[in-house]
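Here's the structure, in structure tokens; my notes come after.
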Amino acid sequence: CEDFLDEPVRSKPTLTEIFSSQESVEAFVNGAYDGIMENDWWQINFFRQITDMATDDCWAGNTEQSRPDILTIAHYDNVDVGSTYFMNFWNYQFRGITRCNLIIQEMDNVDFDEDLKNRYKGEAKFLRARFYFELVKNFGGVPIITTFDELLKSEIREYVRQPEAEVWAVIEQDLIDAAELLPLKSEYASKDLGRATKGAAQAYLAKAYLFQEKWQEAADMANEVITSGEYQLETSFDDVWSVTNPNGVESIFEVQYRSDPTFRIGGVFGVTTGSREDGGWSWCVPTSNLEQAYLEEGDNIRLRNTIIKHGEPVYGDPEVTEFDAGLSRNKSARINRKFYIPTEYRETPYSPRNLPLNHILMRYADLLLIYAEASHFAGNEGEALAKLKMVRDRVNLTTDMSLTGDALRDAIWKERRLELALEQHRLYDLRRQKVNGVPRIATVMGPEGSFVKYNTQESTDEFELGNLREKQSKGATFDVDKHILWPIPHSEIVLTEGRIEQNPNY
Amino acid sequence: QQQISGTITADGEPLPGVTILEEGTTNGTITDIEGTYTLNLQGEDPMVVVSMVGFKTTRIAAKGRVEISLDLEEDVTDLEEVVVIGYGTATKKEITSSISTVKGEDLTKMTVGNVSESMQGLASGVQVISGGGGPGASPQILIRGIVTNRSTAPLIVVDGVALPQGSNLNFLNPSDIENIQVLKDGSATSIYGTRASNGVIIVNTKRGKSGEAKVTFSASYGLKGLDKPEVADANEYARVVNQRAANDGLPEPYDLSTITESTDWWEEVYKDYASVENYNLQVSGGSEKLNYLSSVAYHKSKSHLEKGYWERATGRVNIDYSISDKLFLQQDFNPRYEHWENTPNQFWSTLRMDPLTPVYIPIDERQGRNEYSIYARSNNYVWNPVGAVNRSFNETHFFGVFSNTNLEYDITDFLSVSSRIGLNFGQTRNEVFNPKFVIEPNLEENQQSSVATRFDQNFSYVWNNLIKFEKSYGKHKLNATVGYTAEYYQGHYLRGSRSDIILNDEKFRYLDATTGESIQAQGNMNANSLMSYLGRVMYNYDQRYFISGSYRRDGSSRFPVANQWANFFSASAAWDISSESFFNLPFVSGLKLKAGFGQVGNQNIPSSAFLFLVSDGSYVFGENEDRVITNQITQFGNSNLQWETVQDINVGIESGFMNDKLTLSVDYYVKESKDLLFATTLPLYTGSPSDIMQNVGSFESKGLDISLGYNDKIGDWQLSALATLNTNESRAKALAPGNDQLLAQKQAVFGNSFLKITELGKVVGLFYGYETDGLFQNQTEINSHSSDNGKLVQPAAQPGDMKFVDQNNDGELNEEDLTIIGNPFPDFYAGLNVSATYKNLDFTMQWYASVGNDVYNYMKYFQTSGAGETNVRKGLIDEVWTESNPDATIPRLTVTDQNGNFKRSSDYFVEDGSYARLKNLQVGYTINSLNAAKIRLYVSGQNLFTITKYSGFDPEVSSGGIINGYGMDFGRYPMSRTFVLGLDLNF
């Protein structure tokens, strides 16, 4: 009689059933990695591109498809608080945090090797710190959740935003713990290449200090990575964003891809930033303003590795002698070279949704420049110059070793732009770097902004001026009292009946 | 002595078993199977009394006659009708609860092939919401308002067998149905326990009667016309796009002088007419021991697209066999086959596609392209709908058998036992082929062809064991039932797909012909069971005082062991005042008061609702870029989940006037749900990957069901009319902490706003958004729209933009200014059915109306904004605000929409959705003469016209889950206007 009513739910293991072995714990840890780039779902991680579009490095780009939801954000022109991009990005970082909280909380109930357990815990803490890092740099203070259990209590609905400093404290502590728990890159078995390392945790910790202007801590932490001897610059800049050089010597942390349509593995940025004539969508295209920055510097090596220009050959792809950037559909008729897959490395049939190129999130050049910048502000100009020189030497640029003070600072900042362009760092650099207390983004954007002036008064770029379906005046409506952070998603405010408060002036 | 003989018929059919009695004597006989009799009369001036239960008794003077043949007139007064209630029957007079009845003949007047749609307006308290005009679409049925956020589908019971959850009435051949009873209140439904919170629909199929074989054949053929939604042509479209750009200071993309061609996408995709056919053959008859009814029927309806139809073939054999005086067997057998060519849903694409784009690319550019790649691509990124239809290969086949066996043994004349087994088998096969095509690489393409097949197999049984007691002692009548039932359902599915067929030909569209790397296989099994004990007592004294009580104890596999069992009670009573001796109102022929209380449950939740669910995925690690398995949580479980219970109180009167020429019934009910199940959206910062199922509180639904009937015969006129009128209001009575605002229907285009809200004390599922106050005419008006402290509410606005109301007057337009902007529920809905027969001519008319409800016209977003460069409604260019058109109600055209006219949910989209619709109009003519055969020819029209102010395509809308979807018009295949020609043959 009782048996008659015993009908379990088939094929759906409960959490306790599945979270029960070392293998399953590892699978949950892997799942947290999968969340770094929002499971490579282009609709979610497209937001990362929008942040580059909101700088002087990129245009929104696609002038064929009408997308005011993207344009208004990229142009700071009535930024839409209801945008799905904000909402999903916000939600997916918290989903990542929840994955990490679950691992950290539940792992102790599973019995297996303690060393491995510690490593998993270190990985989860590293990843959780990264998710909070993404949140704080985009939105400012956010609700802090560090356990899984609290999600199941009714009080979870009463949470409010915590001050930025509190969020940074969580990030710092997680990264300190992760640096303790994680092995060095060289200590991992080759099958585990790509997992979080001690060096990655320290590099992000250095970056977290830099964002908070804790200059000395930032320099010291970056120095620990440098002295570990685990990383070096690639000899050739060509090898940094190369599909044939995954997890290269310069790589500190990168998202791992292979082209696997069956299991839907692979990156999408090469598609979303690609030319419409090349199976791409033509979003987030490089500006002539960025191109000028390279030309003024005489920086041909990084220029050809960063920008593909219409009608010209593609550097590193001998099969394309005259690139078609889709003139009428592309604001600048330029394409991001860093995410481009050369013809010979494309799968046949070319499946442009699953690109094999790993996405580098932290590399040694970034770290060296963090060190240089922090050292400069900490008063150690010699160290700053030395590391600046290292980065420039690689691309055959000479370094003026007499630089000092603000000129040195500006040289380091310029170097960050040239070195890391189109790698989705620019917006956050411009927001945190300040001249006389004014964030640099306010000197680039706004009615008097350098970028706005360049486009509306100085530019002679035939491509950009020839396609006005995206306005030249991008950024003229920038307001530093508002646009220094992105808005909290509208739906979050509605769902919490206003407990989660909006950022100023939105 | 005088001998008389003759034939007694009813409705022209021989009637066996009629008593012929010489009045004042015991001398009599009964008619035989041919309806004939012979009787020797004894008296001098004999009077013959011809009588039979159910017919009017006739007295005839027989003196001098040798033949007396009669056609008896039926004498079924309304109150003696037998009504099938849960696990038993009762006369209508004995009913103490609220039950609506729909006769089978009324259902077949609508030639729609689908029973639930025909019920619209025929049963008081039952709201039928059309599922759209696509072939085989199934309407939603809503009985007495909304007290749940789960499905509102009622429990369906066919000939005593409760069907599995999710069943609808589509599978039934309407001609097989004798009648349908709708159990509406808790005192009627409580006996069905956990499955009955949405009400119960009991379908009784026709059964054979003793007598000569009767053959009925009917056929009808109809054409469904479709109203064409008018959209802008190429010239107007280009002007709209140009004006949008110019208003924003952007270059105008189109040179109007170069536009010569315009594509009418509607004409390219939709055909003006689609056919609907019905054929039905039925044979019935029987002897004293064995009665049978056998039928076979076929229905086919086509869509208005090149692809898409539904066909259904059903067979039925119903047998009643008296094995002995005490042992009776019923065996029904109902096999069926259904086949859909799935109708591609291209409604939106067709309306939004730009008219500048031709259907095909030029012939000289087709080289190297396959037949699916020759379509042109639109600049507005809407996929070519003609191409989409042509590459749609999606078919579903269903094979099902329903068997229903009942064995009843009468132990004594007042006690019987019975055991019924209902078996239901079904298999569904779905075949999909997605051809390879490349219209534009990485944009409008499918790089690999693929084939997918899915098999679903389900089996369920219902086993009912009942003991029934029925006895009268003087004026006391007692009726009692106790029983035990078991229900079990199991379903399996298996799906496989693989990429790359070798050759693009129909015979290669099978998995064995695929070669690609992308291979998928899925399969699962689910099962649930329900075990119950039930009992009911009905007692009446002198057919004046009636009481009834029931009890059910249910055990369900859907809940954790600790929560598996629940008890449900009901009690009701009625008083037939008109049977009292003191009652003496000449024109009132019947008056009954009734009141009842009942409890039911709702176990209708996903079995996994309280589980944390985990799914797997892939990531990459290592030098060799190995795929590793990932786990992630995909659903937060809720271990505290309980089932929903509903209890209600019903009071009503039933009355008849002027010998029941007029009948009126009025019911008032209050229905309350507790522990209401609701999928709530947690704050996004919880990182919850899905909504979470919670018991959030209590909804209360109140309403009136009024039904007014008229029946009369005046000379050669037979007239009847039925009017139903219903009101209902559902409010949130209590909401759990943290759930004081239930939000739903989040829409990305409106900044991820929620368009529906449920708040404490208010009507459930109201429309939510900003209130507008016309359009700004000039900058002065914009500048004067400010808060008390002088802050401009809409600094980005320009003349022609919408003015939004700053509810809290703080000078900012934000979340705090959201308010309730409409109510989707009608003040009342009503049905009117009129039929008249004059000699051989018959006429039927059926109306349905919904009054006072708002509709959220989501289609207005695309149709009036041109957002995303999609096409707009015809004439928009002259309807939008411009300086020369200041009286416009539609805001100015803009690309970036700085003011957010079309980025906010607002009352601009909410319209009065009241309507009245002529559902059916039918005229028939019957020819009696041909060889005893009766031929009826008819023409009928359905949905002939609709009276409404609604500007969308069809005010009869609903989508999604019921509270959340109610009143949302997301645009769908509109209702079609059907003209039918039909033939009924009886011999």
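The values are calculated or read from the model by the stated rules, or taken from the named source; none is laboratory data. These numbers come from a predicted model, not from an experiment. Using ideal geometry, Cβ is built from the backbone for each residue, glycine included, and neighbour counts are taken over all protein chains shown. Surface accessibility is based on the protein's heavy atoms, side chains included, excluding ligands, DNA and RNA. Shrake-Rupley method; radii C 1.70, N 1.55, O 1.52, S 1.80 Å.
Debye-formula intensities of chain A, expressed as log10 I(q)/I(0) at q = 0.12 Å⁻¹, are -1.17 (one equal scatterer per alpha-carbon, no solvent). Its Cα gyration tensor gives region B:486-644 an equivalent ellipsoid, and the semi-axes of that ellipsoid, as √(5λ) in whole Å with the largest first, are 60, 24, 13. For region B:590-631, a drop of 40 Å² or more in accessible area on going from the chain alone to the assembled protein chains (1.4 Å probe) is found at B:Leu611, B:Phe612, B:Val614, B:Ser618, B:Tyr619, B:Val620, B:Phe621, B:Gly622, B:Glu623, B:Glu625, B:Arg627, B:Asn631. Close amide-amide hydrogen proximity is noted between B:Asn179 and B:Gly104, B:Asn204, each under 5 Å apart and 5 or more residues distant or on a separate chain (H modeled in the peptide plane; Pro and chain starts excluded). Sorting B:549-555, B:566-572 by their mean Cβ neighbour count within 10 Å, with the most densely packed peptide first, gives B:549-555, B:566-572.
What's the local net charge at B:His304, with K and R +1, D and E -1, over the other residues with C-beta under 15 Å away? Value of the local net charge: 0.
For Cα pairs less than 8 Å apart in space and 6+ apart in sequence, what is the mean separation divided by the residue count of chain A, i.e. the relative contact order in percent? Contact order relative to length: 19 percent. Peptides A:486-494, B:887-895, A:162-170, B:765-773 ranked from most to least packed by the mean count of surrounding Cβ atoms within 10 Å: A:486-494, B:765-773, B:887-895, A:162-170. Max-minus-min Cα coordinates of region B:78-210 on each principal axis give 41, 40, 25 Å, with the largest extent listed first. When the charge dipole of the protein assembly as shown is built from unit charges on Cβ atoms (+1 for Lys and Arg, -1 for Asp and Glu) and taken about the Cα centre, the candidate among B:Val620, B:Phe776, B:Gly88 whose Cα reaches farthest toward its positive end is B:Gly88. Protein heavy-atom surface of the protein assembly as shown, 1.4 angstrom probe: 51% of the accessible area is carbon and sulfur, with nucleic acids and ligands not counted. Legend: residues in region B:787-835 shielded by at least 30 square angstrom of accessible surface upon adding the remaining protein chains to the isolated chain (1.4 Å probe, heavy atoms) are B:Glu815.
Dipole of chain B computed with +1 at Lys/Arg Cβ and -1 at Asp/Glu Cβ about the Cα centre; of B:Val793, B:Leu611, B:Gly751, farthest Cα towards the positive end is B:Leu611.
Shielding value for A:81-88 is 5, the average number of Cβ atoms from other chains within 10 Å of each residue's Cβ. Applying the Karplus relation 6.51 cos²θ - 1.76 cosθ + 1.60 with θ = phi - 60° to region B:754-762 yields 3J(HN,Hα) values of 9, 8, 10, 9, 10, 10, 3, x, 9 Hz, where x marks Gly and Pro. Using the rule -39500 (n - 2.57) for each DSSP H run of four or more residues, divided by the residues of chain B, the 222 nm mean residue ellipticity is -1500 deg cm²/dmol. Charge dipole (Cα centre; +1 on Lys/Arg Cβ, -1 on Asp/Glu Cβ; no other charges) of the protein assembly as shown amounts to roughly 2960 debye. Near the amide H of B:Glu212, within less than 5 Å, lie no amide hydrogens of residues on another chain or at least 5 residues away, with H placed in the peptide plane. At 1.306 mPa s and 10 °C, plugging the Kirkwood radius over alpha-carbon pairs of region A:81-217 into Stokes-Einstein gives what diffusion coefficient in µm²/s? Diffusion coefficient, whole number: 100 µm²/s. Listed here are the pairs B:Lys109/B:Lys184; B:Lys184/B:Lys934; B:Lys674/B:Lys803; B:Lys594/B:Lys934; B:Lys209/B:Lys702; which of them are more than 31 Å apart at the Cα? Correct reply: B:Lys184/B:Lys934; B:Lys674/B:Lys803; B:Lys594/B:Lys934; B:Lys209/B:Lys702.
Annotation: amide H-H contacts under 5 Å for B:Gly17 (H modelled 1.01 Å from N, sequence separation of 5 or more, or interchain): B:Thr31, B:Asp32. Helix B:234-247 and the longest principal axis of the C-alpha atoms of chain B enclose an angle of approximately 50°. Which translational diffusion coefficient, to the nearest whole µm²/s, is obtained for region B:91-161 from the Stokes-Einstein equation, given a Kirkwood hydrodynamic radius over C-alpha pairs, 37 °C and 0.692 mPa s? Estimated via Stokes-Einstein, D reaches 238 µm²/s. Measuring nothing but alpha carbons in the protein assembly as shown and taking Rh as the Kirkwood radius, the Rg to Rh ratio lands at 1.03.
With respect to chain A, whose longest principal axis is taken over its alpha-carbon atoms, helix A:215-228 is tilted by about 80°. Here's the picture: charge each Lys and Arg Cβ at +1 and each Asp and Glu Cβ at -1 in chain A, and of A:Ser402, A:Ala293, A:Asn101 the one pushed furthest to the positive end of that dipole is A:Ala293. At a temperature of 37 °C and a viscosity of 0.692 mPa s, determine how fast region B:195-340 diffuses translationally according to Stokes-Einstein, using the Kirkwood radius over alpha-carbon pairs as Rh; express D in µm²/s, rounded to the nearest whole number. Diffusion coefficient, whole number: 156 µm²/s. What net charge is computed for the residues neighbouring A:His483, neighbours being all others with C-beta under 11 Å from the C-beta of A:His483, Lys and Arg scored +1, Asp and Glu -1? Residues near A:His483 contribute -1 overall. Taking a straight Cα-Cα cut-off under 29 Å and skipping sequence neighbours fewer than 8 places away in the same chain, the lysines within cross-link reach of A:Lys453 are A:Lys137, A:Lys309, A:Lys331, A:Lys338, A:Lys414, A:Lys434, A:Lys471, A:Lys474, A:Lys482. Once you divide the Cα radius of gyration of region A:2-44 by 2.2 N^0.38 Å, the number left is 1.74.
With the convex hull drawn around the C-alpha atoms of chain B, the volume per residue stands at 222 Å³. Each Lys and Arg adds +1 at its Cβ and each Asp and Glu adds -1 at its Cβ; summed about the Cα centre, region B:78-210 shows a dipole of about 220 debye. Peptide A:21-34 is shielded by partner chain Cβ atoms: per residue, an average of 5 of them sit within 10 Å of its Cβ. Charge tally around B:Glu672: other residues with Cβ under 9 Å, Lys/Arg +1 each, Asp/Glu -1 each, net +1. Restricting the GluC sites (Glu not before Pro) of region A:334-408 to loop positions (DSSP other than H, G, I, E, B) with no more than 16 neighbouring Cβ atoms within 10 Å leaves A:Glu347.
Probing with 1.4 Å while keeping every protein chain in the model, the per residue accessible area of the protein assembly as shown equals 38 Å².
With the largest listed first and rounded to whole Å, the semi-axes of the equivalent ellipsoid of region B:2-72 from the Cα gyration tensor are 19, 12, 10. Shape descriptor for region B:810-964: Rg over Rh equals 1.19 (Cα atoms; Rh from the Kirkwood inverse mean 1/r).
Loop-resident GluC sites (Glu not before Pro) (DSSP state other than H, G, I, E or B) in region B:821-886 with no more than 15 further Cβ atoms inside 10 Å of their Cβ: B:Glu883. Using just its DSSP H runs of length 4 or more, each adding -39500 (n - 2.57), chain A gives a mean residue ellipticity at 222 nm of -13000 deg cm²/dmol after division by all residues. Helix A:405-420 axis versus longest C-alpha principal axis of chain A: approximately 70°, rounded to the nearest ten. For the segment A:97-110, counting C-beta atoms of other chains within 10 Å of every residue's C-beta and taking the mean gives 2.
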